[in-house]
Amino acid sequence: MGTGAAGRRMLALGRLKTGEMNKTEAAYAERLCGLQAAGEIHWHRFEGLKLRLADNTFYTPDFAVMAADGVMECHEVKGHWQDDARAKIKIAAAMYPFRFIAVKVKPKRDGGGWEVESF
């Protein structure tokens, strides 16, 4: 964790309760609703899956998504990656037969939208 103002700000924010979306997740949920209305995905649910990685170690993707081709996907919405989160998504991708995708908001100065990374 950084020691500058940004690091302190991240610590001060704390965590939301399970089932509550932050602003970035809410914006992505709107995007998923649009994709579903357009037929590009069939279904999505916020925190819809909980995957066991090891004893007492779980990974809950931000969104469970069923793509139009019927493949289940796990979408992780990130503003900033922490090492444990990146490790968990990589471990989950090696263990489960789902597509794992991380999305990050692109700054408006870079054209906006979403930056997508697959695992």
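The values are calculated or read from the model by the stated rules, or taken from the named source; none is laboratory data. Here the structure is a predicted model, which is why all the values come from computation and not from measurement. Counting neighbours? That spans all protein chains shown, and the Cβs are built from the backbone with ideal geometry, glycine included.
Anything in segment 44-86 that is surrounded by fewer than 13 Cβ atoms within 10 Å (Cβ to Cβ), more than 22 Å from G34 (Cα to Cα) and of a type in the set (A, V, I, L, M)? List them, or say none.
Passing the criteria: only A54.
Could you grab the pairs with beta carbons closer than 9 Å, sequence gap of 6+ or different chains, first residue in segment 68-91 and free of Cβ contacts under 8 Å to residues at least 60 places away in the same chain and over 18 Å from R45 (Cβ atoms), second one part of a helix (DSSP H, G or I) and β-branched (V, I, T)?
Note: pairs meeting the criteria are K78/T24; G79/T24.
Could you list, in sequence order, the residues of segment 107-119 that are surrounded by 11 or more Cβ atoms within 10 Å (Cβ to Cβ) and either over 20 Å from P61 (Cα atoms) or at pLDDT below 90 (or both)?
Within segment 107-119, just G113 meets the criteria.
Take the conditions in contact with a Cys (Cβ under 8 Å, 6 or more places away or on another chain) and closer than 23 Å to E20 by Cα and apply them to F58. Does it pass?
No.
So the check is Cβ under 7 Å with 6+ separation or different chains; which pairs have a first residue in segment 25-41 that's farther than 13 Å from V65 by Cα and a second one that's charged (D, E, K, R) and in a loop (DSSP other than H, G, I, E, B)?
E25/D62
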